[in-house]
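S.K.: Once you've had a glance at the structure underneath, I'll fire off some questions.
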Amino acid sequence: MRKKEPEVNYFASMTDMVVGILFIFIIMIAYFAFQVSSAKEDNPLTKYKNKVEIFKKEIAQQVVDELKQHNIEAQVSPKNPGVVTLKGSGLFLSGDSSIEAQPGTKDKIDFLSDVIAKKIQCIVYKGAAPNCINKDKIFLDAIFIEGHTDNIVPSRTLNDGSKNNLELSAKRATNTYSEMVQKNPIFSSFKNLDDEQILNVSGYGEHRPAESNATPAGQEANRRIDIRFVMWIPETENDLLKYTQPDKN
């Protein structure tokens, strides 16, 4: 009698084939993703942006370190490593924007002005100090002096003319700006690639608290000044080449 041939499980064979094809497909996807990632990392624009990000963090930390050495309470913002926060303690009185009202505030801002002027004098596009060397061609786009307040809403027009916290924060920033420029007039000559002045001001009122306003200590901390460093980032590789080519002597 003729032996019966074993049945072939065609369903199992097709499943194995599909799994094998999917496995190969996944490997190919991973390979191409790796290639794209590697190409992106090697892209000059990406390399430059990464370098700028590191530089921004370093300059903010350097400013904080020097302020602390001068016994000025400061820290790099935990939310944004390119922002230096001058803590509100001893900086501004409640409902006041004057840097003369609180003993020591003027001296703190004067020292801040000296530190920043020194730190940025070689990374501005126009107005750089003579004999500066900027081998990495990293440039500042702007520095924003940002004023902040606690959440106490003025019940009357304040002595400085402010009717609300937004106006009060703007005056704190403006008064800080004025003192910094008076201490170091060279700030007025520092320009970015668009021929705009580097130093700027902005006010946020009570809308960006650094700490909870639930306590007097928290409110005092929120009466503060932030210094935000904004670096120039080229949009295209052509922009990168245009402004970062080595100087021709």
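S.K.: Under the condition of being buried (at least 17 other Cβ atoms within 10 Å of the Cβ) and of a type in the set (S, T, N, Q), which residue from the range 52-98 is farthest from the chain's Cα centre (by Cα)?
M.R.: Ser97
S.K.: Right, something else. So Asp239 ticks every box in (1) within 23 Å of Val64 (Cβ to Cβ); (2) surrounded by fewer than 20 Cβ atoms within 10 Å (Cβ to Cβ); (3) out of contact with any strand residue (DSSP E or B) (no Cβ under 8 Å at 6 or more places or on another chain) but one. Which box is left unticked?
M.R.: (1)
S.K.: So, one more: What number of residues in the range 187-220 are aliphatic (A, V, I, L, M), outside any loop (DSSP other than H, G, I, E, B) and surrounded by 14 or more Cβ atoms within 10 Å (Cβ to Cβ)?
M.R.: The qualifying residues number 2.
Each reported figure results from applying straightforward, stated rules to the coordinates on display, with no laboratory input. These figures come from a predicted structure and were not determined experimentally. Positions of Cβ are backbone-derived with ideal geometry, glycine not excepted, and every protein chain shown enters the neighbour counts.
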